[in-house]
Amino acid sequence: MNSEAILPQTTPAAAMIRTLGLLSAICGLIIVAAYQLTYDAVQENKRIAVERAVFKVIPAAKSIVEYSALPAGGVEKIAAGATAPAGAVKFYAGYDAGGELAGIAAEGAAKGYADTVRILFAYDLATSSISAFSVVAMRETPGIGDKILVDKDFLASFPLEAKVSADLKALANAIVTVKHGSKTKPWEVDAISGATITSRAVGKAIDDAAQALLPRVAPNLDKLKEKS
């Protein structure tokens, strides 16, 4: 009898499984490496996109400062490269050429027809209103969802009244999107016929973000006016 050990035969299926496992591991490493190598560039592009949106919705702004509205009250600047504390709401203060506070801006998001619609809106302190908005990212149907950028009746809804209630707990009146042609209140958004879901997403995104942010900011306007 042959004294050499008899090794089990490797089946084609086992060999295939080993090969697929090796390929999967290699692909995983490539994906992780690509993510790590491009992460900083992606984040920088997002920062630039938001910064451009801030300058767009606050035309008088020549510089911006990032702030956090803290959950326990108060606001504080966000240091370069830092993130907002847990539970805080991030926003941007825009300053004109003379260093005066020109307005504040914040991001909002809500589910649209195809995906989440991310917007950035401006708050005018003099009139206590949402003066304008800009789209940061969306994947709505071309020619339909993008009507929020050009529809005259929809854009005529702005500015939107966004006064804070006396108890500083919420907006005095929630911002709502109403059926096209039925807007009667200064805090209502006139929906777009044929793009109702997307236009409602804009209204919800603004209301959700404004409800979380403005009651915290209202008592701290003097601090924001001190750019330094």
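So, of the residues in the stretch 90-117 that are β-branched (Val, Ile, Thr) and farther than 20 Å from residue 65 by Cα, which turns out to be least open to solvent (accessible area, probe 1.4 Å)? Lay out the reasoning, then the answer.
Looking only at the stretch 90-117, we keep the residues that are β-branched (Val, Ile, Thr), and these are 104, 116-117.
Of the ones still in play, those that are also farther than 20 Å from residue 65 by Cα are 116-117.
Details: 116: 62, 117: 1 Å².
Step by step, filter the stretch 90-117, then rank; the result is 117.
Among 35, 67, which is the only one that is at pLDDT below 80 and surrounded by 10 or more Cβ atoms within 10 Å (Cβ to Cβ)?
Residue meeting the stated conditions: 35.
In the stretch 118-220, which strands (runs of 3 or more DSSP E) lie fully inside it and hold 2 or more residues that are surrounded by 19 or more Cβ atoms within 10 Å (Cβ to Cβ) and touching a helix residue (DSSP H, G or I) at 6+ places or on another chain (Cβ under 8 Å)?
Counting at least 2 such residues, we get 129-137, 188-190.
Scan the stretch 81-89 and give yes if some residue there is open to solvent by less than 10 Å² (accessible area, probe 1.4 Å) and either of a type in the set (S, T, N, Q) or assigned to a strand (DSSP E or B) (or both), otherwise no. Before the answer, list the steps.
Looking only at the stretch 81-89, we keep the residues that are open to solvent by less than 10 Å² (accessible area, probe 1.4 Å), and these are none.
Among the residues of the stretch 81-89, not one is open to solvent by less than 10 Å² (accessible area, probe 1.4 Å) and either of a type in the set (S, T, N, Q) or assigned to a strand (DSSP E or B) (or both), which makes the answer no.
Please tell me if residue 100 is farther than 23 Å from residue 201 by Cβ and touching a residue at least 60 places away in the same chain (Cβ under 8 Å).
The answer is yes for residue 100.
The values are calculated or read from the model by the stated rules, or taken from the named source; none is laboratory data. From a predicted model like this one, the values you see are computed outputs, not experimental measurements. FYI the Cβ positions are ideal-geometry reconstructions off the backbone, even for glycines, and counts take in every protein chain you see. Protein only, heavy atoms only, side chains kept; ligands, DNA and RNA dropped before computing areas. Shrake-Rupley method; radii C 1.70, N 1.55, O 1.52, S 1.80 Å.
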